[in-house]
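Visitor: Next up is a structure, given as structure tokens.
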Amino acid sequence: MEKFFHNIPDSLTKENRLANVRLGEIPMDRGKIYLVSSDPIMRNYLRSYISHFDHKVLTPAKPENFWDDLKALSPSLVIYDLWKNNSGTVQNLQNLIQLEKTIPVILLAGEMQLPMIQELEGSDQWKVIKKPFLPQDLKTSILEALGKEREIVLTPAQVLRPSFTNTKKGYHPQLLLESSQRMQDVRAVIDHVANTDVTILIRGESGTGKELAARSIFESSNRASKPFITVLCPAIPEGLLESELFGYEKGSFTGAFRRRPGKFEIANHGTIFLDEIGDIPFELQSKLLHVLQRGEFALIGGNEQKVDVRILAATNKDLEKAVAEGMFREDLYYRLNVVSIFLPPLRERREDIPVLIECFFQKYNEQYNKEYHELTASTMRLLLDYDWPGNVRELENLIKRVVIMGNPDTLVHNYLNENVKKIKPRLAQNRPAPTDPLPLPAGRPRDSAAAPSALRSLKEVAREAMRKAEGEAILKALEQTHWNRKAAARILEISYKALLYKIRQCNLDGEPDSSTPDP
Amino acid sequence: MPQNPSEPGKAADNGSVRPLDRKFFEYLLELEVRKATRYLYYFSLLVVQLDGQPTPEDPAEVEAVQRKLGYLLWDEIRGTDLLGQRHDSSFFIVLHYTDLENAVRVGQRIRERIEHYTFESGSGDGRRTISIGVSCFPTNANDVAGLIQGSEELLRRAQDRGGNRVSVPE
């Protein structure tokens, strides 16, 4: 079966990449620890925990390969987690007795395995830690085994959030495994601005990794030890967003039984990430601007208080268009857009696709304890030619499905065929037939400017219909009240200010001849 | 997997509060911080210590006073709050859903209770006082280290100013 890799830099050849993902790329100087565990949860936990001691943690790609890998890698210490009693385990333990003469071994064993260990000749030399165990016990045993006397201070945050602290150096597979120049440029900007306090606006299509970029900025910044609070603006109902962001005082409204802090207060001295900021209600934008300008906010019903928060924002919307339409405050836009990072869609950096595929295969093979799947050249070609409208997220989900379901080639072919069928009618109307006889069409139109007006998105159609209906209702109310706006606002059950805004939005500014002045 | 080294915050049958490993205490506090961040609520950390040095030649009495103090503290807080004793003989209390203002109120109540309580004593009059350092999440700090450091500093400040007081961030 022919294997296919496309435009991968020399440093990322298949063998290197596999080795890198398996063994970890960061050079360390405190000895290699070879970790063997068939339990994926335990394996992940141990690897995260041990990695904090600056040890290089090696794990076999498959548990059954452990003996061969062990000989080749010559680690400083072996940690063997006994999971189940079987003949393979006994054999491995017997081998470990021989190994003990040269390399120290720590055994992690449950109640059930202890008799089996005691029966083996020479097992009394082992350091056996009974499960469940305290992390401190394991740490002490490792230090003893490696002859390190220096105390390793591990904060609870490191114990609890090993994956976060691992990413201190900005390690994020989707961001760092870039081989394209465009992603390298993004990385360079992130590195450049991370350690400053400037507000950053991250832009890009859905699924391109905006949140990962934000997290990467946070973790590379000098606020990394402080909170990182994410707010997905559209996920919070409009009426609740203000109290979520700024908190409220007890009794400030019905149901405010106790004082509650807002996200800004909790993120003090840290970073707040406002995802999909383009969806934030117009009324709230001025409050947000106030925080940005003066570093102050007030709990609902409370006094102003100072806050020191770095704001990162992300959107997949055209904010300039929103500003032009009056949906987004211009001053807020300029405040947010101090530094703008644009994450290119996956179809514009196809050279990243094979690397990402490898990365996701490794991730999900390990997560679901599956064997590595190789893709044929034709399948890889299809994956490279597909336009990935859902970007990296779509690719990740496909690989996840492949790992779980198996049979990668058929599954990928079916998936891509289905998706291409869905977008084909649109392609037929928007683009001339591709002259390049590729197995898959090149993609679908992305920007609304390229699409004819008949093919507007459902959202746009709905928005226009809503605006039209609102305009009619407002006009009717205004005519009924002889253009008395206050009275009209009462009829429509909206605030006077909101009515003025809607009148402007619906282009109802023109005063009729019979208008009466407002009281 | 980590196991629980003790039952945190539970008064034992004999009325004493079990000493809690500092790391485990920090682990619990970290969990509390994460929950408070997720569900947006205030909580407060109180560090409580008896004023004056314990009498070294009478360890039994010191232990009895400590045990009684633990019981009294336990009696003054809600069943859902956390209470533990650290190896340096200070106690900590985590008050859920409690902002600084209310934490100070609880602190004052505890201080008054101890001030007016007569401990069994073979040597003195049995009257003891305590000092308390209070810090609130997220008002004063939004991480474990900041909260502990803040409370301990305030406790020291209260003791430096003569003790029998509740010290809060200025």
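Visitor: Got at least one residue in the range A:206-223 being of a type in the set (Ser, Thr, Tyr), in a loop (DSSP other than H, G, I, E, B) and touching a Ser or Thr at 6+ places or on another chain (Cβ under 9 Å)?
Guide: Within the range A:206-223, one or more residues are of a type in the set (Ser, Thr, Tyr), in a loop (DSSP other than H, G, I, E, B) and touching a Ser or Thr at 6+ places or on another chain (Cβ under 9 Å).
Visitor: Which residues, taken from the range B:134-155, are part of a helix (DSSP H, G or I), touching a residue at least 12 places away in the same chain (Cβ under 8 Å) and more than 8 Å from chain A (Cβ to nearest Cβ)?
Guide: Filtering the range B:134-155 for residues part of a helix (DSSP H, G or I) gives B:144-155.
Narrowing the set further to residues that are touching a residue at least 12 places away in the same chain (Cβ under 8 Å) leaves B:144, B:147-148, B:150-155.
Answer for the range B:134-155, where residues must be part of a helix (DSSP H, G or I), touching a residue at least 12 places away in the same chain (Cβ under 8 Å) and more than 8 Å from chain A (Cβ to nearest Cβ): B:LEU147, B:ILE148, B:GLY150, B:SER151, B:GLU152, B:GLU153, B:LEU154, B:LEU155.
Visitor: Search the range A:330-366 for residues being within 26 Å of A:HIS192 (Cα to Cα) and hydroxyl-bearing (Ser, Thr, Tyr), and hand back the single one that is surrounded by the most Cβ atoms within 10 Å (Cβ to Cβ).
Guide: The selected residue is A:TYR333.
Visitor: I've got another one for you. State yes or no: is A:ASP409 at pLDDT below 85, among the acidic types (Asp, Glu) and part of a helix (DSSP H, G or I)? Steps first, answer last, please.
Guide: Numbers: at pLDDT below 85: yes; among the acidic types (Asp, Glu): yes; part of a helix (DSSP H, G or I): yes.
In short, yes.
Visitor: Another one. Test A:LEU201 against the stated conditions and say whether it is in a strand (DSSP E or B), of a type outside the set (D, E, K, R), out of contact with any Cys (no Cβ under 9 Å at 6 or more places or on another chain) and closer than 15 Å to A:LEU336 by Cα.
Guide: Details: in a strand (DSSP E or B): yes; of a type outside the set (D, E, K, R): yes; out of contact with any Cys (no Cβ under 9 Å at 6 or more places or on another chain): yes; closer than 15 Å to A:LEU336 by Cα: yes.
Answer is yes for this residue.
Visitor: Could you count how many residues in the range A:217-242 are in contact (Cβ under 8 Å) with a residue 24 or more places away in the chain and more than 21 Å from A:ASP308 (Cβ to Cβ)?
Guide: So the count comes out to 5.
Visitor: State the number of residues belonging to the range A:228-270 that are within 12 Å of another protein chain (Cβ to nearest Cβ) and either out of contact with any Phe, Trp or Tyr (no Cβ under 9 Å at 6 or more places or on another chain) or not in a helix (DSSP H, G or I) (or both). Step through it out loud before you land on a result.
Guide: Taking the range A:228-270 first, the residues within 12 Å of another protein chain (Cβ to nearest Cβ) are A:228-231, A:236, A:240, A:243-250, A:257-270.
Restricting the remaining residues to those that are either out of contact with any Phe, Trp or Tyr (no Cβ under 9 Å at 6 or more places or on another chain) or not in a helix (DSSP H, G or I) (or both) gives A:228-231, A:236, A:240, A:244, A:247-250, A:257-262, A:267-270.
So the answer is 21.
Visitor: So if I check each of A:ALA322, A:ALA298, which one is under 21 Å from A:PRO227 (Cα atoms), among the small types (Gly, Ala, Ser) and in contact with a Phe, Trp or Tyr (Cβ under 8 Å, 6 or more places away or on another chain)?
Guide: Exactly one of A:ALA322, A:ALA298 is under 21 Å from A:PRO227 (Cα atoms), among the small types (Gly, Ala, Ser) and in contact with a Phe, Trp or Tyr (Cβ under 8 Å, 6 or more places away or on another chain), namely A:ALA298.
Visitor: Of everything in the range A:381-406 that's assigned to a helix (DSSP H, G or I) and more than 25 Å from the chain's Cα centre (by Cα), which residue is surrounded by the most Cβ atoms within 10 Å (Cβ to Cβ)?
Guide: Checking each candidate, the answer is A:LEU382.
Visitor: May I pose another question? Inside the range A:245-270, can you point out the residues that are under 17 Å from B:PHE43 (Cα atoms) and not hydrophobic (A, V, I, L, M, F, W, C)?
Guide: Passing the criteria: A:GLY247, A:TYR248, A:GLU249, A:LYS250, A:ARG258, A:ARG259, A:ARG260, A:PRO261, A:GLY262, A:LYS263, A:GLU265, A:ASN268.
Visitor: Name the pairs whose Cβ atoms lie under 9 Å apart, with the first residue in the range B:33-58 and in a helix (DSSP H, G or I) and modelled with pLDDT of 90 or more, the second of a type in the set (S, T, N, Q) and surrounded by 17 or more Cβ atoms within 10 Å (Cβ to Cβ), and 6 or more positions between them or separate chains?
Guide: Sorted first by the residue in the range B:33-58, then by its partner, the pairs are B:VAL33/B:ASN142; B:ALA36/B:ASN142; B:THR37/B:ASN142.
Visitor: Could I ask something else about it? Of all residues in the range A:334-347, count the ones that are touching a helix residue (DSSP H, G or I) at 6+ places or on another chain (Cβ under 7 Å) and either assigned to a loop (DSSP other than H, G, I, E, B) or closer than 12 Å to A:TYR386 by Cα (or both).
Guide: Of the residues in the range A:334-347, 3 are touching a helix residue (DSSP H, G or I) at 6+ places or on another chain (Cβ under 7 Å) and either assigned to a loop (DSSP other than H, G, I, E, B) or closer than 12 Å to A:TYR386 by Cα (or both).
Visitor: In the range A:268-284, which residues are out of contact with any helix residue (DSSP H, G or I) (no Cβ under 8 Å at 6 or more places or on another chain) and under 9 Å from A:VAL231 (Cβ atoms)?
Guide: Matches in the range A:268-284: none.
Visitor: So in the range B:1-32, with the set limited to residues that are within 14 Å of chain A (Cβ to nearest Cβ), within 16 Å of B:SER89 (Cβ to Cβ) and buried (at least 17 other Cβ atoms within 10 Å of the Cβ), which one is modelled with the highest pLDDT?
Guide: Once the filter is applied, the top-ranked residue is B:PHE25.
Visitor: Does the range A:184-206 include one or more residues that are within 13 Å of chain B (Cβ to nearest Cβ) and closer than 13 Å to A:ALA313 by Cβ?
Guide: no
Visitor: Limited to the range A:301-317, what total is found for residues that are surrounded by fewer than 17 Cβ atoms within 10 Å (Cβ to Cβ), farther than 27 Å from A:PHE342 by Cα and in contact (Cβ under 8 Å) with a residue 12 or more places away in the chain?
Guide: Qualifying residue count for the region: 3.
Visitor: Taking the condition of being farther than 21 Å from A:THR208 by Cα and polar (S, T, N, Q), how many residues in the range A:300-329 meet it?
Guide: Summing the residues that are farther than 21 Å from A:THR208 by Cα and polar (S, T, N, Q) in the range A:300-329 gives 2.
Visitor: While we're on this one: Six or more apart or on different chains, Cβ atoms under 8 Å: show the pairs whose first residue is in the range B:95-109 and within 11 Å of chain A (Cβ to nearest Cβ) and whose second is assigned to a loop (DSSP other than H, G, I, E, B) and of a type in the set (A, V, I, L, M).
Guide: B:LEU100/B:VAL168
Visitor: For the range B:116-125, indicate whether the set of residues that are within 14 Å of another protein chain (Cβ to nearest Cβ), surrounded by fewer than 20 Cβ atoms within 10 Å (Cβ to Cβ) and at negative phi is non-empty. Can you show your working first?
Guide: Here is the first cut: in the range B:116-125, the residues within 14 Å of another protein chain (Cβ to nearest Cβ) are none.
No: the range B:116-125 contains no residue that is within 14 Å of another protein chain (Cβ to nearest Cβ), surrounded by fewer than 20 Cβ atoms within 10 Å (Cβ to Cβ) and at negative phi.
Visitor: Right, another one. Collect the residues in the range A:362-380 that are part of a helix (DSSP H, G or I) and in contact with an Asp or Glu (Cβ under 9 Å, 6 or more places away or on another chain), keeping them in residue-number order.
Guide: Within the range A:362-380, the first condition is being part of a helix (DSSP H, G or I), and the residues that meet it are A:362-368, A:377-380.
Scanning the range A:362-380 gives A:LYS363, A:TYR364, A:ASN365, A:ALA377, A:SER378, A:THR379.
Visitor: Sort out which residues of the range A:224-256 are buried (at least 16 other Cβ atoms within 10 Å of the Cβ) and β-branched (Val, Ile, Thr), and write them in order of number.
Guide: Correct list: A:ILE229, A:THR230, A:VAL231, A:ILE236.
Visitor: Does any residue of the range A:185-193 turn out to be basic (Lys, Arg) and within 21 Å of A:ARG329 (Cβ to Cβ)?
Guide: Within the range A:185-193 (the criterion being basic (Lys, Arg) and within 21 Å of A:ARG329 (Cβ to Cβ)), the answer is no, since none of the residues qualifies.
The values are calculated or read from the model by the stated rules, or taken from the named source; none is laboratory data. Everything numeric here is computed off the predicted structure, so don't read it as measured data. Counting neighbours? That spans all protein chains shown, and the Cβs are built from the backbone with ideal geometry, glycine included.
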